[in-house]
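Peer 1: One structure, pasted below without further comment.
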Amino acid sequence: MTHIAKTILSRSPGRINLIGEHTDYNNGFVLPAAIDKAAYIRFTTREDNKILLTSRDYQTTHETTLEAVAPSDKGWPNYLLGVVDQLLKKGIPLTGFEAEVWGDVPAGAGLSSSAAVECAMLIALDAAYGLGMTRMEMAQTAQAAEHAFAGVKVGIMDPFASLFGKEGHVIRLDCRSLEYEYVPFHAEGYRLVLCDSGVHHSLASSEYNVRRHQCETGVAAIQQIHPEVKSLRDVLPSMLKEIKDPIIYNRCKYVVEENLRLVAACEDLEKNDLVAFGQKLYKTHDGLSRLYEVSCPELDFLVEKAKPQEMVLGARMMGGGFGGCTLNLVKADGVDVFRERMTEAYQKELGKTLKVYVANIGNGGNVL
């Protein structure tokens with residue numbers, strides 16, 4: 001029987017997270033949305049066992065076989081190979097294939113370009129081989145791939161948002177139960193504007209894993225007195241006094257407060273009180289900078305510059321930290337002035353070029 005090559009074109013978007021940062025791996029709440037920037041994959045099956053990957057953005061290729069799937073020191077192939085590895089470990093029969101990847105999610109900006117690539121790959125594999133995977137299975141597979149091949153112990157939020165996004169809505173996700181609800185984002189007259197610091201610290205991955213460990217250490221200290229506590233999600237502010245180490249205390253205090261802030265922020269959105277919502281963004285940034293210590297001078301500068309501007313309701317750093325973007329809630333008719341002021345100040349005071357994007361909330365990944 002002759003093999004008929006099957007070609008699939010898939011896309012999956014990057015994401016923003018409005019509030020609830022570093023809460024996902026602590027079994028807390030997050031409030032992400034998919035955006036209108038995505039990763040794309042052109043996927044074609046082969047009849048042999050060869051895997052040929054091409055990156056349009058990096059102008060480079062990577063070749064291997066199904067039997068030899070392993071992490072690559074090139075970096076970018078790992079997001080594709082990691083999900084293949086997960087499927088092979090589950091005993092899912094695959095053939096060789098060719099996959100070309102490209103996209104317009106800025107890498108290193110905290111918009112989760114890695115999850116976008118992993119999810120686009122899973123959507124392509126699922127369609128090409130008729131695997132019948134659910135969206136939740138895809139999200140969990142992408143998360144496991146990032147742990148195993150990229151070495152970053154990410155939570156479920158990034159692949160979840162990339163797969164479950166819905167235009168005009170943010171998703172309130174409970175990272176413990178994986179229950180979720182769509183919350184309408186009625187921000188008529190306002191835009192979500194991203195200021196990309198252009199800083200991509202290599203620290204981010206290693207420090208991310210350090211923070212995760214610090215949170216687990218805090219939970220262990222609290223469990224001595226409150227054995228019913230399973231994660232920081234279960235911790236009441238009054239329990240934090242059991243943590244004697246000041247650094248661990250600060251890390252846990254931030255996460256406990258951020259979970260409470262997110263629940264209140266969802267109430268603000270339901271009441272369409274964007275002013276109150278914006279104030280919570282500033283408080284989140286303050287916590288991330290002072291207590292969780294994952295900000296950097298450039299991100300702090302961008303938030304401080306945004307604060308006094310009349311068209312801005314709120315601003316904070318977004319993502320893993322040590323670089324990437326700030327998220328700003330800006331009056332639509334003030335976006336151009338905001339962009340101009342921010343780029344000018346960044347150039348003048350830090351000598352750096354600032355990229356500014358308007359992020360529109362879009363739908364999750366699909367086959368094109």
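The numbers here are math on the coordinates, done by the rules we state, and not lab data. Fair warning: this is a prediction, and the values are worked out from it, not measured in the lab. All Cβ positions, even for glycine, are placed from backbone atoms using ideal geometry, and neighbour counts span all protein chains on display.
Peer 1: Based on the Kirkwood radius over alpha-carbon pairs, what is the Stokes-Einstein translational diffusion coefficient of segment 164-261 at 4 °C with 1.567 mPa s viscosity, in µm²/s?
Peer 2: 80
Peer 1: Taking the Cα centre of segment 7-185 as origin and charging only Cβ (+1 Lys, Arg; -1 Asp, Glu), how large is the dipole, in debye to the nearest 20?
Peer 2: That gives a dipole near 100 debye.
Peer 1: Turning to a different aspect of this structure: Whose amide H sits under 5 Å from the amide H of G165, counting only residues 5 or more places off or on another chain, with H placed in the peptide plane?
Peer 2: A34, G364, G365
Peer 1: Another question, then. What's the long-distance tail for the chain, i.e. % of Cα pairs beyond 34 Å?
Peer 2: That fraction is 28 percent.
Peer 1: Per residue of segment 223-228, what does 6.51 cos²θ - 1.76 cosθ + 1.60 with θ = phi - 60° give for ³J(HN,Hα)? Whole Hz please, x for Gly and Pro, Karplus curve as stated.
Peer 2: Those phi angles translate into 4, 4, 9, 10, x, 6 Hz.
Peer 1: Across 10 Å bins from 0, what is the distribution of all Cα-Cα pair distances for segment 254-368, in whole percents?
Peer 2: So the P(r) values, bin by bin, are 13, 41, 34, 11, 1.
Peer 1: If you don't mind, another one. Rank-order 10-18, 27-35 by packing density, defined as the average count of other C-beta atoms within 10 Å over each peptide's residues, highest first.
Peer 2: 10-18, 27-35
Peer 1: Kindly provide the GluC sites (Glu not before Pro) of segment 7-98 that DSSP labels as loop, not H, G, I, E or B, and whose Cβ sees at most 13 other Cβ atoms within 10 Å.
Peer 2: E47
Peer 1: Sticking with this structure for a sec: For segment 167-210, which GluC sites (Glu not before Pro) are both in a DSSP coil and crowded by at most 10 other Cβ atoms within 10 Å?
Peer 2: Listed in order of number, the matching sites are E179, E188.
Peer 1: For segment 1-94, what is Rg from Cα atoms divided by 2.2 N^0.38 Å, rounded to two decimals?
Peer 2: Normalised Rg, Cα atoms only: 1.36.
Peer 1: Based on the Cα coordinates of segment 7-185, what is the per residue volume of their convex hull in Å³?
Peer 2: Enclosed volume per residue, from the Cα hull, is 107 Å³.
Peer 1: Calculate the translational D of segment 290-333 in whole µm² s⁻¹ from Stokes-Einstein, where the hydrodynamic radius comes from the Kirkwood formula applied to all Cα pairs, the temperature is 25 °C and the viscosity 0.890 mPa s.
Peer 2: Translational D for this selection: 226 µm²/s.
Peer 1: At 4 °C and 1.567 mPa s, what whole-number value in µm²/s does Stokes-Einstein give for the translational diffusion of segment 230-279, with Rh from the Kirkwood sum over Cα pairs?
Peer 2: My calculation gives 107 µm²/s for D.
Peer 1: Same structure, new question: Karplus couplings for segment 275-292 from phi (6.51 cos²θ - 1.76 cosθ + 1.60, θ = phi - 60°), rounded to Hz, Gly and Pro as x?
Peer 2: Result, ordered by residue: 5, 5, 4, x, 4, 5, 4, 4, 5, 4, 4, 4, x, 5, 7, 8, 9, 8 Hz.
Peer 1: Have a look at Q309, A221, G365 and report the one farthest towards the positive end of the charge dipole of the chain, computed about the Cα centre with Cβ charges (Lys/Arg +1, Asp/Glu -1).
Peer 2: Value computed over the given set: A221.
Peer 1: Using helices alone, I'd like the mean residue ellipticity at 222 nm for the chain: each DSSP H run of four-plus residues gives -39500 (n - 2.57), total over residue count, nearest 500.
Peer 2: Per the formula, -12500 deg cm²/dmol.
Peer 1: Follow-up. Residue farthest toward the positive end of the dipole of the chain, with Cβ of Lys/Arg at +1 and Asp/Glu at -1: which of M239, L350, A128?
Peer 2: M239
Peer 1: Using a simple charge model, +1 on the beta-carbon of Lys and Arg, -1 on the beta-carbon of Asp and Glu, nothing else, what dipole does the chain show about its Cα centre, in debye to the nearest 20?
Peer 2: Dipole size: approximately 180 debye.
Peer 1: Kindly provide the pair-distance distribution of segment 258-299 built from C-alpha pairs, with 5 Å bins from 0 and whole-percent values in order of increasing distance.
Peer 2: All Cα pairs considered, the percentages come to 6, 23, 27, 18, 13, 10, 2.
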